[in-house]
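The values are calculated or read from the model by the stated rules, or taken from the named source; none is laboratory data. Since the structure is predicted, the reported quantities are computational estimates derived from the model, not experimental observations. Note that we place each Cβ from the backbone using ideal geometry, even for glycine, and neighbour counts take in every protein chain shown. Note: accessible area is taken over every heavy atom of the protein model, side chains too, but ligands, DNA and RNA are not part of it. Shrake-Rupley method; radii C 1.70, N 1.55, O 1.52, S 1.80 Å.
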2 protein chains.
Amino acid sequence: MTSKRTRVFTYDTTLRDGTQALGVSLSVQDKLLVAEMLDSLSVDYIEGGYPLSNPKDESFFQEVRKLKLRTARIAAFGMTRRRDVQAGKDVGLTALLKSEAPVVTIVGKSWDMQARKVLKVSLDENLAMIADSIKLMARRKRETVFDAEHFFDGWQANPEYALQTLRAAHDAGADWLVLCDTNGGSLPDRIAEAVREACTALPEAKFGIHCHNDCGLAVANSLAAVSAGAVHVQGTVNGIGERCGNADLTTVVANLAIKCGCDVLTEGALAKLTDTSRFVYEVANLNFQESQPFVGAAAFAHKGGMHVHAVRRESRSYEHMNPTVVGNARRILVSELSGVSNIAATVPEKFGLSGDRKAQKRILDRVAQMENEGYQFEAAEASFALLVRRLLGKERRFFDLLGFRVIVEKRGHGGVPVTEATIKIRVGGKEEISASEGDGPVNALDGALRKALDRFYPSVREMHLADYKVRVINPSAATAAAVRVVIESRDKHEIWGTVGVSENLIEASWRALVDSIVYKLSRDEERGRAES
Amino acid sequence: MTSKRTRVFTYDTTLRDGTQALGVSLSVQDKLLVAEMLDSLSVDYIEGGYPLSNPKDESFFQEVRKLKLRTARIAAFGMTRRRDVQAGKDVGLTALLKSEAPVVTIVGKSWDMQARKVLKVSLDENLAMIADSIKLMARRKRETVFDAEHFFDGWQANPEYALQTLRAAHDAGADWLVLCDTNGGSLPDRIAEAVREACTALPEAKFGIHCHNDCGLAVANSLAAVSAGAVHVQGTVNGIGERCGNADLTTVVANLAIKCGCDVLTEGALAKLTDTSRFVYEVANLNFQESQPFVGAAAFAHKGGMHVHAVRRESRSYEHMNPTVVGNARRILVSELSGVSNIAATVPEKFGLSGDRKAQKRILDRVAQMENEGYQFEAAEASFALLVRRLLGKERRFFDLLGFRVIVEKRGHGGVPVTEATIKIRVGGKEEISASEGDGPVNALDGALRKALDRFYPSVREMHLADYKVRVINPSAATAAAVRVVIESRDKHEIWGTVGVSENLIEASWRALVDSIVYKLSRDEERGRAES
C-alpha cells in the first residue's frame, strides 16, 4: 500500500475520546496506568484529556508529569477560543496552557455548516478563532495539533472553505493537521481523495487522520489515509469511543506494521499489542471482545474439525500470520463442531490419548452433551481438564460434600443483608464442619469451603478468585432459566478458568468453585510429584 | 463508489459459517426462525448448512422446505468431490443433492499450496475435482455457486492457477464464482485489483465476494470488491463467525444501500435491519454489541454534553444518517460526562424540568455519585426515571420492606439445592408475610415478593422478568467485589430495564427487582389516570 518504511506516528486518544464510550469511566489512577502501558507500547502521543471538562482530567495532567515516560509525549485537548474572546483570555485555552502538557491539540470547525449553525459565527470569525488559538500555543512553545473536525463532510460541502481552515491552522504554526471523520460517515475512497488533495494543497504540512467507526470502516479509512499521504494516525485502544467507537489503534497499528510495511512503534513493541488491549479492557472494566482482529482471544482460535486438521498440517492454511508477532497465541477449541483432532490437540501427551480414538470419542460425546446443558469450556480449560481426567478414570477425589446451607437475611428497608454459609465435608475418614460470613452468597460459600479444607490442604490459601461472571443461558425464562458461572482463579503459578451450570445460581457457582479448588489441588500434586 | 443502482445480491451464511463462531450453537428450530427472519429482510440466498457435517444440518434442509419463503433461495454447502472418487458416488455431493436445496455451494481450492499440501492432490486433479463436482450439480439443475477458497492468497502465490480454478468452475456451469478471502488477511486494494482482473479474464461470469475480518477489514474488502465488479456479497448477520468473524452483512448491506447507492434488498426492507440483528443475537444467545455500526444500541447514542447540545440543534452535526432508515433510533444517554442538556432531554416534559436548571444539576450530581458506586443507567431507563421522581419529591411509595430471608440448602454431593425465600412487607397499615420456593435465590425472592403484593396490586401478575444479567464491577476482588445486576422486565405495554448495585449479589438483585415492580406500578397508575 505505502512505500516501504514510511514512518507513521501513533496518537492515542483512549483517555479522551475513548472515555466518551458507553459504560467507560476511568479514574485518575486508571488513566495513569493506561498512559504507562501506552508508553511501553511506544506510542508517540497520548492524549490525556480535556482539562476544562472536568477536575479529573485536570489532576491527570498534574500527576502524569511525575511519570517517567520513555517515548510518549502527553497531549491536552481543547477547543478553539470562544467567539469574541481574546485567545489569551479564553478559559479553555488557559486551562490547556495550565495543564503544562508539551503537546496541545486544538479542535476547530472545518465544515462551513457547523461554523454557521452550531458555533453561530461567520466563516471569517471561525478562521480567526482557529488561527488565534494555534498562534497562542505555538508562541508558548507547545507542539500543536490542529484537529479539523468534520473535515470530510466539510470537504464534500465546501472544499474551498475546508482547505482554508487547514491553511489558517498551518500558517498560525500548527505542527500537525489532523483530518477528522467526526461522524464516521465516509468511505475509504473519499477519505483517500480528500487526503491526497489536502497534501497537494499544503505540501509543507504534515497530516494526520482521525476516524470513527459508524460505517464499520474506521480501520480501512485510516489505512486509506496513510496510503494517500497521512503520517499520523489517531485512534483508541480496542476502538472504544462514542457511538460505534474510534479507529481501533491495535488493528490499525498491526495492519500498518505487518501488512503495509510502515515504520510504526519501536522494534519489538508490537508483541505487547495483545497485553495492551487486554489491560485496557480490564482497566475500563469492559468484557474482552473475543473476535477482535489480531489481539482477540478468538483471533487465532480454531473450532471446525477440518480447519484444525489443516492448521496443524500447514499453519498458513487458516492463519494469515503468526499470532506471536502481536503477542497473541493459537487456540484449539473444544466444542460440538470439533472433530476428534481438536480433542487430541488440547489433552496433554501424558494421558496417552493421542492414540486412543475410543476415549477421544467418549470425551467428545460427553462434551457435546454438556454443551447442550449450557456448559462452555472455551473459557474454562481447567474444568475441561478435570472432565478428561474423570472420563479416563484418573480423577482424584480430594473431598466429599456432605451439605451446605447459605442464608441471606435482611431487616428493614435500607442497609445490607447479612450472609452466612455453613458447609460440611469429609476428607478421608474425617468430617469437618465450618461456617463463614461473606459479602454475598458465593463469597460466604467460598470462605466456608476454604476454612473446611484448610487443615487438610493448606495450599488453598495461595489461590484466589480473580473474576466471576454470570450469564443467563435462556433469557426468555429470566431468573428461572439456567445460569452459567465462569470463575477465573490464580495462584503464583498460573491462571485457570472453571465453569458451572445450573438453574440455581448458587449451585452453578458452587460447581465452578469446586472445580477451581480441585484443579488447584491436582496441579499442586502434579508439581509435587515433578519436584520429588 | 459504484455506478448508480447496481443490483447486488445478498448471500447470508449465518447458519453455516456463523455457527463456527465461539459459543454459537443453533438448534434446528433456531435455524428455521433465522431463515424466516432473513427472508423477511429480503436476503437473496440463505446458506442453511453443510448436510454432511452433522444430522442437525441434514434435518434443517427437510424442515426448511415447509416454510413459505418469499424472496430467499436456500443453499446447501459442501466440498468438491474427494480425490479418486467419482462425483456421482461422493458421499458429500450425494448429501448435497439429497438435501434438495435449490442452490448448491461447492467450495474448492484456488491456492496451489492448499491443493498440494492440504488436499495432497496434483494441481490437475484439483481442477478435475472442481469441474466434476460443479458439472454434477448443474446437470441436476441446481443453481450452483463456486466458493473459491483462499482465492486472494492463491492469486498472490500463483495467479495463473487461481484463474484456472475459476475457469474450471465456470466452464462446468457454475452460476456464481465467489472469491473468498478465507484467512481474512487481504487489504482492500489487493481485493479490488484481483476482482477486477478476474472480471476481465472471465467477462461472462458473475462474481461474488466472501470476506473474513482478521484484519478488521471485512466490510471494506466487500465494498472494494463490489466497486471492482462483484455483484454478490456473502456475510453473516452481526459478522458472527470463526476467529474474527465474517463480513457483517448488516454493515455491508447498509453501506451498499445508503452510501454506495446500490440496489440491494427490496424496497423498505432496510428498516428491518436493526430487528434482524437483535433477533440473531437473541437466538444465538449472544450479547448485543452496543457499538455495532448502524444497528447497535449505541450507534446513535450521544453522551458528551457538547455533542448532545449540537445534535439537538442540527442532527447532521454528529449523525452521519437518519437512524430510522435502518430501524434504529437516537438515544440520549445519562452519564457523568453529560452536560445538563442530556438530563433535560431524557426527562418527560410533564416534570417541568426543562426550565429548572437547579433540579437538573441535582440529578446530575446524584447520577455522578451513583455511577461512582457502580450504577449505570444506560440500560436501565426505568431506574433512572424512578430516581428522577425521587429527587423531585414525586416518588410514590407502594410498599415498605420489613425484611427478607433467603435460604439455599444442599444435602450430599449430587442433586440440586432447595431454595426458599420469606418476605415481610407493609402496604398502607397492613403487614403481609409470604414465602416462596424457587429455582434460585432471585427467583424465590421474586416469587415471594409478588405473592405478598398480589392482594394489594393484582397487576403485578401481568409483568414478567425477561432477562437478568450480572456483572462484577471490580474484578480484582472477585466474589467479594461489587456486582451490578440489570433486569429487563416486560408487560403487555412495554419493556423496561432496572439496575441494582451492591457487594451482595442478592441485595443487588433485590434492588433491581424492587425498581422493576415499582416502575410497573407507577406506570399503571399513570395509565389509569390517563384513562379516567
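Can you work out which of the residues in the range B:65-94 that are open to solvent by less than 20 Å² (accessible area, probe 1.4 Å) and among the aliphatic types (A, V, I, L, M) is farthest from B:His170 (Cα to Cα)? Only one residue fits best here, namely B:Ala72. Residues that are open to solvent by less than 10 Å² (accessible area, probe 1.4 Å), more than 9 Å from chain B (Cβ to nearest Cβ) and not hydroxyl-bearing (Ser, Thr, Tyr) do occur in the range A:424-442, at least one of them. If you take the residues in the range A:109-119 that are open to solvent by less than 40 Å² (accessible area, probe 1.4 Å) and over 35 Å from the mean Cα position of the chain (by Cα), which one is nearest to the other protein chains (Cβ to nearest Cβ)? Checking each candidate, the answer is A:Met113.
Scanning for something more than 8 Å from chain B (Cβ to nearest Cβ) and under 30 Å from A:Lys469 (Cα atoms), does the range A:252-270 turn up at least one residue? No, there is no match, as no residue in the range A:252-270 is more than 8 Å from chain B (Cβ to nearest Cβ) and under 30 Å from A:Lys469 (Cα atoms). None of A:Ile332, A:Ile343 is in contact with a strand residue (DSSP E or B) (Cβ under 7 Å, 6 or more places away or on another chain), at pLDDT below 75, of a type in the set (Val, Ile, Thr) and open to solvent by less than 50 Å² (accessible area, probe 1.4 Å) except A:Ile332.
Of the helices (runs of 4 or more DSSP H) lying entirely inside the range B:187-296, the ones with 2 or more residues being under 20 Å from A:Ala224 (Cα atoms) and not assigned by TED's automatic domain parsing to the domain that holds B:Asn328 are found at B:188-201, B:218-227, B:249-254.
If you go through the range B:390-414 and pick out every residue that is in a loop (DSSP other than H, G, I, E, B), more than 7 Å from chain A (Cβ to nearest Cβ) and surrounded by 14 or more Cβ atoms within 10 Å (Cβ to Cβ), you end up with 4.
When the test is whether a residue is without any contact (Cβ under 8 Å) to a residue 40 or more places away in the chain, under 21 Å from A:Ile487 (Cα atoms) and within 9 Å of chain B (Cβ to nearest Cβ), A:Val472 passes it.
Scanning the range A:430-443 for residues that are part of a helix (DSSP H, G or I) and farther than 16 Å from A:Ala466 by Cα yields a count of 1.
Here A:Ser222, A:Ser277 are screened, and the one residue that is more than 8 Å from chain B (Cβ to nearest Cβ), without any contact (Cβ under 8 Å) to a residue 40 or more places away in the chain and either open to solvent by 10 Å² or more (accessible area, probe 1.4 Å) or in contact with a helix residue (DSSP H, G or I) (Cβ under 6 Å, 6 or more places away or on another chain) (or both) is A:Ser222.
The condition of being open to solvent by 10 Å² or more (accessible area, probe 1.4 Å), polar (S, T, N, Q), more than 8 Å from every other protein chain (Cβ to nearest Cβ) and under 30 Å from B:Gln376 (Cβ atoms) holds for only one of A:Asn238, A:Asn213, A:Asn246, that being A:Asn238.
Screening B:Arg490 with (1) surrounded by fewer than 21 Cβ atoms within 10 Å (Cβ to Cβ); (2) under 24 Å from A:Pro441 (Cβ atoms); (3) at pLDDT 80 or above; (4) within 12 Å of chain A (Cβ to nearest Cβ) gives one miss only, at (2). With respect to B:Leu32, determine if the residue is over 19 Å from B:Glu149 (Cβ atoms), open to solvent by less than 40 Å² (accessible area, probe 1.4 Å), out of contact with any strand residue (DSSP E or B) (no Cβ under 8 Å at 6 or more places or on another chain) and hydrophobic (A, V, I, L, M, F, W, C). Yes; evaluated as a whole, the condition is true for this residue.
Looking at this structure, is A:Phe60 within 31 Å of the chain's Cα centre (by Cα) and modelled with pLDDT under 95? Against the criterion (within 31 Å of the chain's Cα centre (by Cα) and modelled with pLDDT under 95), A:Phe60 qualifies. With respect to being more than 8 Å from chain A (Cβ to nearest Cβ) and either closer than 14 Å to A:Gly216 by Cβ or modelled with pLDDT under 95 (or both), B:Cys180 falls outside the description.
Residues of the range B:405-432 being over 28 Å from A:Val514 (Cβ atoms) and in contact with a Ser or Thr (Cβ under 7 Å, 6 or more places away or on another chain), which ones? Across the range B:405-432, the qualifying residue is only B:Ile423.
What number of residues in the range A:120-154 are in a helix (DSSP H, G or I) and within 14 Å of chain B (Cβ to nearest Cβ)? Residues in the range A:120-154 being in a helix (DSSP H, G or I) and within 14 Å of chain B (Cβ to nearest Cβ): 4 in total. Of all residues in the range A:402-439, exactly one satisfies the criterion of being in contact (Cβ under 8 Å) with a residue 60 or more places away in the chain and either more than 15 Å from B:Asn504 (Cα to Cα) or among the acidic types (Asp, Glu) (or both), namely A:Phe404.
Of the residues making up the range A:378-389, those that are buried (at least 19 other Cβ atoms within 10 Å of the Cβ) and more than 14 Å from chain B (Cβ to nearest Cβ) are A:Ala382, A:Ser383, A:Phe384, A:Ala385, A:Leu386, A:Leu387, A:Val388. For the range A:125-145, how many residues meet the condition of being more than 23 Å from A:Asn246 (Cβ to Cβ) and either open to solvent by 10 Å² or more (accessible area, probe 1.4 Å) or within 33 Å of the chain's Cα centre (by Cα) (or both)? Summing the residues that are more than 23 Å from A:Asn246 (Cβ to Cβ) and either open to solvent by 10 Å² or more (accessible area, probe 1.4 Å) or within 33 Å of the chain's Cα centre (by Cα) (or both) in the range A:125-145 gives 12. In the range A:37-50, the count of residues that are buried (at least 17 other Cβ atoms within 10 Å of the Cβ) and within 14 Å of another protein chain (Cβ to nearest Cβ) is one or more.
Exactly one residue out of B:Ala168, B:Ala194, B:Ala162, B:Ala148 is more than 30 Å from A:Asn238 (Cβ to Cβ), free of Cβ contacts under 8 Å to residues at least 60 places away in the same chain and open to solvent by 10 Å² or more (accessible area, probe 1.4 Å): that is B:Ala168.
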